[in-house]
């Protein structure tokens, strides 16, 4: 018996030693694997955001530049973007460079001198100011005399409105003939309790194409009205067809159907907006429903109307439009050389 206990004890000790050795081996493999193949962080995409403005000493005249070509290069990658009407540009770059290493941003626009900016991978907002190819209009009296003055600028546009007009009315009488106190004897139609013989009469009215009935009223005006029931559905909503059914289980009754006939027309309403003018740039905002924006102005003493059109073409200004999140349209127009907004 003692020998058997000793052998069992030896087996338990041997098993514990094997488990310990296996655990040490697993730890060694994990340590070796981590040392040989270090973990790598996933590649993060670098976002670059900024705005492109016109170079001017007066901050009020640093107007946004639209359609500026932006190229970002860094490491083995490059990205391209174009500024919108507010001057905003956004691009994504998968850099092979480390934090602090340089990124080169190049800006190009046909009306401005090329510009190159060197930055780093560190997160920041870029505000870039480009110098115009054409010099700023001179403030000398002689130069101002040569530039054509543009005064009294207004923006005219139209919005569509729906107008509902009453174009007529209807008043229609109809009679529901019946003889009272006649047993039904299961010959339908009968009174609601099935006791008396009844009569059903249907009246249909059509308002006509493009017209609707509103404020429909059905009234019993003669006869034993308490012994009638009207079936007409929902008369509170506008409808082209009126269908009124009357059940009468007594003597003959007379009903009157009345309603207004209406027509909804779409009309154009003209509205005007006055732009904000700072330096040689004017800005104005129009609602999303605005149609046919037109600029009215006094050009060199003569009142002229300038339709903007879908391409925003003006002979005396370069315009761009930005659609905001609320669907309003913000227009910016910068005067061309040879024109001026007089102070």
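Please treat every number below as a calculation from the coordinates, not as lab data. Just so it is clear, the structure is predicted and the values come from calculations on it, not from any experiment. Using ideal geometry, Cβ is built from the backbone for each residue, glycine included, and neighbour counts are taken over all protein chains shown.
Using the alpha carbons alone, the radius of gyration of region 282-343 stands to its Kirkwood radius in an Rg to Rh ratio of 0.98. Based on the Cβ-Cβ distance from residue 164 to residue 312, what FRET efficiency comes out when R0 is 30 Å, to the nearest 0.05? Rounded to the nearest 0.05, the efficiency is 0.25. Counting 0.36 nm for each residue step from residue 330 to residue 343 and taking away their Cα separation leaves a gain of 2.3 nm. Need one word for region 238-343: rounded, prolate or oblate. Basis is the Cα gyration tensor (sqrt eigenvalues a ≥ b ≥ c); a/c below 1.5 gives rounded, then a/b vs b/c decides. Taking the square roots of the gyration eigenvalues as a ≥ b ≥ c, region 238-343 is prolate. Sort region 219-291 into rounded, prolate or oblate with this rule: let a ≥ b ≥ c be the square roots of the eigenvalues of the Cα gyration tensor; rounded if a/c is under 1.5, and if a/c is not under 1.5, prolate when a/b is larger than b/c, oblate otherwise. It comes out prolate by the Cα gyration axes. Across every direction, the projection of the convex hull enclosing the Cα atoms of region 161-265 has a mean area of 7.0 nm².
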